[in-house]
Amino acid sequence: MPRENFVLPEQGRYAYANYPLPIPGQQTISQPLTVAVMTEALEARRGDKILEVGTGSGYQAAILSEIVGTTGKIITTEIIPELFEFAKKNLAGYENTKVICADGSKGYPPEKPYDGIIVTASAPSVPEPLTEQLKEGGRLVIPVGDQMIIVEKKDGLQQKFLGYYAFVPLTGKHGH
């Protein structure tokens, strides 16, 4: 996935550096290694329906779009209007991806249930609406504070610690 298509033009020469880069709305695009770890932890498959909370520049959504293929669907929400417009432009042409300007901390009920949910900003706790919108057998990958966790919905909810990370704070009803 050409990361330079998802960063500001003046940041293009740093597109593959393994650190976050500034994007509109005083936000950042996550470093490539973090995107890879989160993508792998989600375990998305061809045909899955995935919710992304925090579109950012659209880079993570584009990667997931390729993974789920034409039979899958990506719903991605961005609460910051300026960033929503940036991502919408970057994701033009990704037919299986729907970009929505909304408070993703509440999930996106019109498209539920989801095979997987990925959150790209740090929440104070796991938002209940997200686990409610997850299919049985689904996975939620989310930073909570400085910890990345995987929540699996199998006979209830099981959490697995993935590591320590730094993210911008999740905003909205269930954010900071």
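No lab work stands behind these numbers, since they all come straight from the coordinates. The model shown is predicted, which means the values in this text are computed figures rather than measured ones. Every residue, glycine among them, receives a Cβ derived from its backbone with ideal geometry; neighbour counts consider all protein chains shown.
Taking other residues whose beta carbon is less than 11 angstrom from the beta carbon of residue 70, and scoring Lys, Arg as +1 and Asp, Glu as -1, yields 0.
Can you give me the angle between helix 81-90 and the longest principal axis of the chain, using Cα atoms only, in degrees from 0 to 90, rounded to the nearest 10? Between the helix axis and the principal axis of the chain, the angle is about 80 degrees. The 3J(HN,Hα) values that the Karplus relation (6.51, -1.76, 1.60; θ = phi - 60°) gives for the stretch 121-129 are, in residue order, 9, 7, 8, x, 7, 6, x, 4, x Hz. Gly and Pro appear as x. Applying D = kT/(6 pi eta Rh) to the stretch 1-83, where Rh is the Kirkwood radius over alpha-carbon pairs, T corresponds to 37 °C and eta to 0.692 mPa s, the Stokes-Einstein value obtained is 249 µm²/s.
DSSP beta bridges confined to the chain are antiparallel in about 45 percent of cases.
For residue 162, the residues whose modelled amide H falls within less than 5 Å of its own, excluding neighbours fewer than 5 places apart on the same chain, are 148, 149, 150. Relative to the longest principal axis of the Cα atoms of the chain, helix 32-42 runs at roughly 20 degrees. Across the stretch 49-56, rounded Karplus estimates of 3J(HN,Hα) from the backbone phi angles (6.51 cos²θ - 1.76 cosθ + 1.60, θ = phi - 60°) give 10, 10, 9, 10, 9, x, 4, x Hz, Gly and Pro being marked x. Proximity of backbone amide H atoms, modeled 1.01 Å from N, is registered between residue 27 and no other residue at under 5 Å, excluding neighbours fewer than 5 places apart on the same chain. Taking a sphere under 14 Å around the Cβ of residue 144 and counting the other residues whose Cβ falls inside, with K and R at +1 and D and E at -1, yields a net charge of -1.
Its alpha carbons give the chain an Rg and a Dmax of 14.6, 48 Å.
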